[in-house]
Amino acid sequence: MAGFVVYQDSYIGATIVSNRFIDEYMTDANDAQLKVYLYLVRMLNAHLETSVSDIADRFNHTEKDVLRAFKYWEKKGLLTLDYDENGTLNGVHLVNLCNGEAKVPSVEATHKKVKVSRQSKDVVEIHETESENDAVVDSHEIEVENNVSAEPVPQAMVTQMIQPSEITIVAKPSYSAKELQEFSKKQGCTLVSLAEVYFGRPLAQSDLQTLCYLTDGLGMSEDLVDYLLQYCADKGKKDFRYAEKVAIGWKEKNITTVNEASGSSLRYDKVVYTIMNRLGKSGSPAEKEMEYISRWLVEYGFSESVILDACDRTVLATDNHRFQYAEGILSSWNKNNVRSTDEIARLDSDFQKKEAAKSASAQTGSSYTAGGKNGGGNAGAFGKYQQRDIDFEALEKKVFAKK
């Protein structure tokens, strides 16, 4: 699909999201719609070209999901879509929300105001204001008091204080050279070798810092780190910064095993939506549907092309219980060690030959074998009829005698 340029009446040199968007529009939007809109704002301010396929690949959505998000925001009045004479999308015009009138109360009108002050380098304290006349202090107005005599609070405690959930994400520390050396020799010797294989290069000091943080700071098991590195390498993201972001995301979701991680990673993978669409399903997969897809991709280890072949056969065969039907096909292929579309064609050919042989055998078995004084033999199709012994000489005499 051709690329298009995002443009607006005016722009500024930073990616800023309107407060009105957050107050009024963000509540009802789903995950895909939010990602698409925010990415359009980002590309607008960077003056970069993008496309439907680019957005779909970046966020592991289908192109239909992206177009549906466009239509959603167009209906909400946040953008307009431009098409050429052939009906091809060639432009997205973002509407300036500052020019319109808000339809819902802002958060300033519905929430208590607070005054924020930083009491030390590590601890942020938030106080409710005593009256409505106290103004909210913006982030750039926070007073930093560096000369505080109080003892610094441990980083883990600080993280727990400001985390909205019960999951504590310990900030990444700076490990000493001695600590990294001990990590490489003991716990991380296997992981270091695996990381070098997956990422195709020797690890730098910063890479070792991250690898140590994954096991020590985030408490990931070696199996989970191994899966994480393989997952990043398979996506072409051979970067420890990306691996760290994924690991923190898993930690926030309390993912501690490879099975949990594989299910979470797959749920937003583009191939999942492709399989769903091929089976005539729209939207995100339900839990049971995700179990089937995860089994096909992870447990059976099938490629996308093999799974889609099974999906096509399923759609042609039934309108109901399609996941169960596809599971029957793929389970059979897995037992027969089928791993490619060529092997599927071979299996189909063998099946057709067996069916043809069964048909020929059944036809032969149902044929009537003629008996009588002339001896046996295969009567072929005529064996279906009962045969009689007739004395033609006696019959001839009887006919002539009447004359």
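The values are calculated or read from the model by the stated rules, or taken from the named source; none is laboratory data. If you're wondering where the values come from, they're calculated on a predicted model, not measured in any experiment. Using ideal geometry, Cβ is built from the backbone for each residue, glycine included, and neighbour counts are taken over all protein chains shown. Note: areas computed on protein heavy atoms with side chains; ligands, DNA, RNA excluded. Shrake-Rupley method; radii C 1.70, N 1.55, O 1.52, S 1.80 Å.
See the values below:
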{"read-out": "Residues that are part of a helix (DSSP H, G or I) and either over 24 Å from the mean Cα position of the chain (by Cα) or surrounded by fewer than 19 Cβ atoms within 10 Å (Cβ to Cβ) (or both), drawn from the stretch 210-224", "value": "T210, L211, C212, Y213, T215, D216, E222, D223"}
{"read-out": "Residue match in the stretch 187-205 (condition: acidic (D, E) and closer than 18 Å to K172 by Cα)", "value": "no"}
{"read-out": "Helices (runs of 4 or more DSSP H) wholly inside the stretch 240-328 that include at least 2 residues being of a type in the set (S, T, Y)", "value": "258-267, 270-278, 287-294, 304-317"}
{"read-out": "Residue in the stretch 10-17 that is at pLDDT 80 or above and either open to solvent by 30 Å² or more (accessible area, probe 1.4 Å) or over 24 Å from V104 (Cα atoms) (or both) present", "value": "yes"}
{"read-out": "Count - residues of the stretch 173-200 that are without any contact (Cβ under 8 Å) to a residue 12 or more places away in the chain and within 29 Å of the chain's Cα centre (by Cα)", "value": "3"}
{"read-out": "Residue in the stretch 272-281 that is basic (K, R) and farther than 30 Å from K64 by Cα present", "value": "no"}
{"read-out": "Where a residue in the stretch 231-257 is farther than 24 Å from T168 by Cα and its partner, wherever it lies, is modelled with pLDDT of 85 or more and hydrophobic (A, V, I, L, M, F, W, C), with Cβ under 6 Å and at least six apart", "value": "K238/F199"}
{"read-out": "Test: residue in the stretch 148-169 that is open to solvent by 60 Å² or more (accessible area, probe 1.4 Å), part of a loop (DSSP other than H, G, I, E, B) and at pLDDT 50 or above", "value": "yes"}
{"read-out": "Hey, Y227 out of contact with any strand residue (DSSP E or B) (no Cβ under 9 Å at 6 or more places or on another chain) and open to solvent by 20 Å² or more (accessible area, probe 1.4 Å) or not", "value": "yes"}
{"read-out": "Test for D207: is it buried (at least 17 other Cβ atoms within 10 Å of the Cβ), of a type in the set (D, E, K, R) and at pLDDT 85 or above", "value": "yes"}
